[in-house]
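The values are calculated or read from the model by the stated rules, or taken from the named source; none is laboratory data. Only a predicted model underlies this, so the values are computations on that prediction, with no experimental measurement involved. Using ideal geometry, Cβ is built from the backbone for each residue, glycine included, and neighbour counts are taken over all protein chains shown. All accessible areas refer to the heavy atoms of the entire protein, side chains included, with ligands and DNA or RNA removed. Shrake-Rupley method; radii C 1.70, N 1.55, O 1.52, S 1.80 Å.
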Amino acid sequence: MAPTDTRRRILDVALAGFLADGYEQTTIATIRNRSGTSNGALFHHFPSKEAIAGALHVEAIASFQQGLWDLVSRKPESLQTAVRAVLAHQLTWTERNADLARFIYTRGHLDWDTAAGAELAARNRDLAAAFRQWLAPLVANGEIPPRPMLLTTAIVSGPAHSIAQRWLAGHLDRPLTSFLDELTAAACAGLSGAAVSGTAGRSAPARPAAATARVTFDVLADDGTVLAHSQATAPLTAP
């Protein structure tokens, strides 16, 4: 068996074990036995179970981010098309890579002091910088105000993450991508700070020169059930 095949087999067996039995219950011996590899072959590729989990984590995020890199290679036509493209990729990738998505949500964040954590941190920094440049024309033309990328990501992806986790757990009986329109509308409203309708004809009250805006999203099912809830804050400055 080629070294790359052995590594792939180890990762696949480990992922199946982590999902079926849990991370703590899946030992390095279990992974070795189920993958049919020797101690020497396994430890040649991974020094520990934590290294195997880290490699799976980085592999999953790299796969997801590749689609985002494809997006930022093209200038966004508008805020709506940009947001819709990002969310469409997030939802589609999750549907097509359900096991990897379950693993990521279950394991949470990597230990940033590990080799895998350092690699992922570098990937995230590079992508965040590319996204800032990608969104710069929308900031320049006034479609969205300038804000930290962390907050932008929370507004766009936060509700989708909540719905994805419920979908992966089998709590929703419709395709994950069927939420795309509602999520896009909510994210665009949050990013642009769209005003609530019904204020025409009334003079706007004076507001302080600086304030903090709090944006709350409730994504609802047809029967009114709250499927996801997210909140973000950002500083506002009066023109």
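Points to keep in mind about this one:
- HIS161 meets all of the listed conditions (1) open to solvent by 60 Å² or more (accessible area, probe 1.4 Å); (2) out of contact with any helix residue (DSSP H, G or I) (no Cβ under 6 Å at 6 or more places or on another chain); (3) more than 18 Å from ALA186 (Cα to Cα); (4) modelled with pLDDT of 95 or more but one, namely (3).
- Those residues of region 125-144 which are touching a residue at least 40 places away in the same chain (Cβ under 8 Å) and assigned to a helix (DSSP H, G or I), in sequence order: LEU127, ALA130, PHE131, GLN133, TRP134, LEU135, PRO137, LEU138
- Within region 17-26, being part of a helix (DSSP H, G or I), open to solvent by 40 Å² or more (accessible area, probe 1.4 Å) and within 19 Å of LEU110 (Cβ to Cβ) holds for one residue alone: LEU19.
- For first residues located in region 49-63 and over 23 Å from LEU127 (Cα atoms) and free of Cβ contacts under 8 Å to residues at least 40 places away in the same chain, partners that are assigned to a helix (DSSP H, G or I) and open to solvent by 10 Å² or more (accessible area, probe 1.4 Å) and lie 6+ apart or on another chain with Cβ distances below 6 Å form the pairs LYS49/ILE28.
- Residue match in region 105-112 (condition: among the polar types (S, T, N, Q), surrounded by 13 or more Cβ atoms within 10 Å (Cβ to Cβ) and part of a helix (DSSP H, G or I)): yes
- The set of residues in region 86-114 being among the acidic types (Asp, Glu) and more than 17 Å from LEU172 (Cα to Cα) consists of ASP111, ASP113.
- Close contacts from region 66-82, counting a first residue that is surrounded by 13 or more Cβ atoms within 10 Å (Cβ to Cβ) and a second that is assigned to a helix (DSSP H, G or I) and among the hydroxyl-bearing types (Ser, Thr, Tyr), with Cβ to Cβ under 7 Å and a gap of 6+ residues or different chains, come to LEU79/SER192; GLN80/THR184.
- Any hit, region 124-142, residues being in contact with a Gly (Cβ under 7 Å, 6 or more places away or on another chain) and farther than 26 Å from ILE163 by Cβ: no
- The single residue among ASN39, ASN33 that is of a type outside the set (Lys, Arg), open to solvent by 70 Å² or more (accessible area, probe 1.4 Å) and touching a helix residue (DSSP H, G or I) at 6+ places or on another chain (Cβ under 8 Å) turns out to be ASN39.
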